[in-house]
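Here the structure is laid out as structure tokens; the discussion comes afterwards.
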Amino acid sequence: MEMSQKIKKVVIAGGGTSGWCTAVALSNQLGILLDITLIESAEIGTVGVGEATFPTICSFHKILGIDEKDFLSATMGSIKLGISFENWARKGDRYIHPFGSFGKPNWMGDFYHYWLAAKARGYEGELDDLCFELQAAKAHKFAPTENPKLNYAYHFDASLYAKFLRKLSEEKGVTRVEGKITQVKQNADTGFIESVVLESGTSIEGDLFIDCTGFRGLLIEDTLNAGYEKWGQWLRNDSAVALQTEFSGDIPPYTRAIAHDSGWQWKIPLQHRQGTGHVYSSAYISDEDARNTLLQNLDGDIKAELRLLKFNTGRRKQSWVKNCVAVGLAGGFVEPLESTSIHLIQIGVLRLLQLFPFEGCNEPLIRRYNELARSEYEHVRDFIILHYKATERDDTPYWRDCRDMTIPDSLAEKIEFFKATGHVHHDADDVFRVTSWLQVMLGQRIEPQGYHHIPHTLTDERIFSGLNSMKANIAAAVEKLPSHANFLKTYCSMKKPAHHSSMLSGYTTVSSE
């Protein structure tokens, strides 16, 4: 069985969000056992548009003891209670995918079955009324609460986040080396990476290498030939143009995802600006027309120049090869629609901590890590595909092709099961839980033909009264919350950073090729 030597020295190739997330986690949890070096070059830009997150980031920060107030202040961050989807099933439609739940589940079935039963009996109340996070989002309100508890994630400036994590990492002993990797040296017998050589000629040796070099995958692909599984047949978008605009006034605690003719636009509100961009398929619209679509749908004056991104959706066939683990874009990319990029970085790092190869990189450990990574990526992939498949739009070739495409069997079975029974099936390791699948399917007009009949053991009056009481309690709880903007003003400093390294000096391109 092929195995490297015991792991004492870890080399992280690349900085940005993925590199510094890896560095801060390893140094915080295992720093006393490891010598950690991170190599990054100021000449190599990072993608840096991943500014919206999923609630798992709160757990990641809690594990590492990151102070929320310090984090929000340092990154000019804001709160995210969900995502507002606009024009997806039909033009004019809008629904919110919240990070909360609709009532407490019964062991026989989830609470929303009571609403489905009530609706079938003439109840006119909306399911949206029964989710605290969703109502708080619509009211643009937020404060940390315990009873009921608000579940949330964040928006933040990605370049400032990397700086924040770098500071924490270096305080824990991580060594940062400035330089560009020009050569990777492998053991002639095993193929394991032994060192990387910088443009300056400096050689940096290691026992375990973490590839955070972005789409290129300098170590995992260029050196170790992990292979890449492309998902363009389902996720057609391969490009994005991004910029930043001035932003003032009320701050909505949610991301907006607005469908356009050949893709969609994100709008992410921070304390000091708004990040926005147009994700699209170059097979249906030119870069110039995509740029014009974005420019025609801005809320404020441009604060930073456009950036053009090119990518291939998919994943490495192996996230871990020999003594190299790919994290972030080096491991795969499933477009930013549900803000999973940073989640995939952080879950990959936490999984590495759980399966860390102290005694050396052996095949059983590598197989287990790769299987978990494959499952994670495929769950995210299916959930993203759902948004495109479940559309009634036929106004453009792009939407007609999305509507008519053949989808993975794993997703087709979930949709069929929900249509037939009203039950949401999700796997135990799926990051998207019942509420997520339910709200996107209902929001995109997939109507269930049935529901669990446990509500039939109660009278209509009792069900209607219970739903109305829940609605009233949630409305009262929302009423007590401060506005999201006021919360941020009182919770963290509004002093702006001296400069923003995410400001772009020109029209640049980052490619996955």
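The values are calculated or read from the model by the stated rules, or taken from the named source; none is laboratory data. These numbers were taken from a predicted model, which means no experiment stands behind them. Here Cβ is always computed from backbone atoms with ideal geometry, including for glycine, and neighbour counts include all displayed protein chains.
Quick notes
- Within the option set Ala136, Ala118, being out of contact with any strand residue (DSSP E or B) (no Cβ under 8 Å at 6 or more places or on another chain), closer than 27 Å to Gln265 by Cα and at pLDDT 95 or above holds for one residue only, Ala136.
- Unique residue being surrounded by 23 or more Cβ atoms within 10 Å (Cβ to Cβ) and either over 15 Å from Leu467 (Cβ atoms) or modelled with pLDDT of 95 or more (or both) when the list is Phe142, Phe102: Phe142
- Test for Asp189: is it more than 24 Å from the chain's Cα centre (by Cα) and surrounded by fewer than 21 Cβ atoms within 10 Å (Cβ to Cβ): yes
- Residue in the range 302-354 that is nearest to the chain's Cα centre (by Cα), counting only those that are among the polar types (S, T, N, Q) and under 21 Å from Leu33 (Cβ atoms): Gln346
- Residue among Gln244, Gln265 that is under 22 Å from the mean Cα position of the chain (by Cα), modelled with pLDDT under 95 and not hydrophobic (A, V, I, L, M, F, W, C): Gln244
- Failed criterion for Thr255 (all others in (1) over 14 Å from Pro336 (Cα atoms); (2) modelled with pLDDT of 95 or more; (3) of a type in the set (Ser, Thr, Tyr) hold): (1)
- Qualifying residue in the range 51-71 (condition: closer than 29 Å to Lys310 by Cα, aliphatic (A, V, I, L, M), surrounded by fewer than 24 Cβ atoms within 10 Å (Cβ to Cβ) and touching a Gly at 6+ places or on another chain (Cβ under 9 Å)): no
- Test: residue in the range 137-150 that is part of a loop (DSSP other than H, G, I, E, B), in contact (Cβ under 8 Å) with a residue 24 or more places away in the chain, among the aromatic types (Phe, Trp, Tyr) and farther than 30 Å from His97 by Cα: no
- Qualifying residue in the range 91-104 (condition: touching a helix residue (DSSP H, G or I) at 6+ places or on another chain (Cβ under 7 Å), over 30 Å from Cys402 (Cα atoms) and assigned to a strand (DSSP E or B)): no
- Taken together, the residues in the range 182-197 that are under 15 Å from Gln5 (Cβ atoms) and either in a strand (DSSP E or B) or of a type in the set (Phe, Trp, Tyr) (or both) amount to 5.
- Single residue of Leu365, Leu344, Leu353 found to be modelled with pLDDT of 95 or more, in a helix (DSSP H, G or I) and closer than 16 Å to Gly14 by Cβ: Leu344
- Pick from the range 212-225, criterion surrounded by 20 or more Cβ atoms within 10 Å (Cβ to Cβ) and in contact with a Leu (Cβ under 9 Å, 6 or more places away or on another chain), ranking: nearest to Ala290 (Cα to Cα): Phe215
- Residues of the range 88-106 that turn out to be without any contact (Cβ under 8 Å) to a residue 40 or more places away in the chain and closer than 14 Å to Arg256 by Cβ, as a count: 1
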